[in-house]
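The next block holds one structure in the form of structure tokens; read it before the comments.
The values are calculated or read from the model by the stated rules, or taken from the named source; none is laboratory data. Just so we're clear, the structure is a prediction, and the values are computed from it rather than from any experiment. Because the Cβ atoms are built from the backbone with ideal geometry, glycine has one as well, and the counts that use them run over all protein chains shown.
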Amino acid sequence: MTKKKTTKQPDNKRAYVVGLFGATDTGKSTRAQELLSQEKPGRVVVWDFKREYRNADRHFSRASDLYDYVKAKGKRGRFFVAFDPCIDSDDVRKMQFDAVNKIIQAHGNIFYIVEELKFVTKPTWSPGSWSMITMTGREQNIKIIGTSQRPASVDKDFFSNCTMIHARRLNYEDDITTMAKALRIHKRDMAALTGHDYYERNNRTGELTEKKY
């Protein structure tokens, strides 16, 4: 009897979808920066809703300009850029999000950070382009970090695709309930978080990390 050979999935093709959740000033951005430092990606696009990534090499407000820039960089060109979406119009912002997602999918090999998912998804809806890259982005070597202060308002399919979920203090009951369920912990434990405390679950291994400051 011959044993069937198994091939280990190359590290650069592993699924990487991380959800970072917490109220304002709890350390989500700090954790995002830590993950960036760990991964050391050469190609980064940030959906910069809160205008926090002022250190980006370039900022764009038109999807067509971002497309031209990424295309000119080819498959290997390095960059760290941010897209500054429309703040005033939900309809314009959602169209921009769909367009940026499609740019990410078309070019691949990109580390994609999306700030404040609440403003571009709903609990039972997200653009098809977002679902596509969170579900199948591994094949294009797309790694994703999505953040929100209001996880109860985020598309629930995103949680099911996360390889890691990280949660800090939340103030609203529905958000606490949502994250307790996603992390598979008791609601009272989630509600007890203070300061920069957090829970983090690696969904690949099932390992749950609790950090108290």
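Kindly establish whether residue 33 is closer than 30 Å to residue 191 by Cα, free of Cβ contacts under 8 Å to residues at least 60 places away in the same chain and under 18 Å from the mean Cα position of the chain (by Cα). The answer is yes for residue 33. Just a yes or no: is a residue in the range 46-57 crowded, with 20+ Cβ neighbours inside 10 Å and among the acidic types (Asp, Glu)? Within the range 46-57 (the criterion being crowded, with 20+ Cβ neighbours inside 10 Å and among the acidic types (Asp, Glu)), the answer is yes, since at least one residue qualifies. Working only within the range 59-89, note down all residues that are surrounded by fewer than 15 Cβ atoms within 10 Å (Cβ to Cβ) and assigned to a loop (DSSP other than H, G, I, E, B). Residues satisfying the conditions are 61, 62, 74, 75, 76, 77, 78, 87, 88, 89. Name the single residue, out of those in the range 169-186 being surrounded by 14 or more Cβ atoms within 10 Å (Cβ to Cβ) and over 21 Å from the mean Cα position of the chain (by Cα), that is nearest to residue 203 (Cα to Cα). If we take residues in the range 169-186 being surrounded by 14 or more Cβ atoms within 10 Å (Cβ to Cβ) and over 21 Å from the mean Cα position of the chain (by Cα), then 185 is nearest to residue 203 (Cα to Cα). Of all the criteria given as (1) within 19 Å of residue 112 (Cα to Cα); (2) of a type outside the set (Lys, Arg); (3) touching a helix residue (DSSP H, G or I) at 6+ places or on another chain (Cβ under 6 Å), the one not satisfied by residue 174 is (1). The number of residues in the range 141-183 being within 13 Å of residue 17 (Cβ to Cβ), without any contact (Cβ under 8 Å) to a residue 60 or more places away in the chain and assigned to a helix (DSSP H, G or I) comes to 2. Contact annotation: residue pairs with Cβ atoms under 8 Å, 6 or more positions apart or on different chains, pairing a residue in the range 111-135 that is closer than 15 Å to residue 149 by Cβ and part of a helix (DSSP H, G or I) with a partner that is at pLDDT 95 or above and of a type in the set (Phe, Trp, Tyr), are 117/158; 119/49. Is it true that residue 124 is more than 13 Å from the chain's Cα centre (by Cα) and within 28 Å of residue 90 (Cα to Cα)? Against the criterion (more than 13 Å from the chain's Cα centre (by Cα) and within 28 Å of residue 90 (Cα to Cα)), residue 124 qualifies. Please name all residue pairs, on different chains or six or more residues apart, with Cβ atoms under 8 Å, provided the first residue is in the range 52-72 and is charged (D, E, K, R) and the second residue is modelled with pLDDT of 95 or more and outside any loop (DSSP other than H, G, I, E, B). Partner pairs satisfying both residue conditions: 57/79; 57/80; 57/81; 58/69; 58/79; 58/81; 58/82; 71/107.
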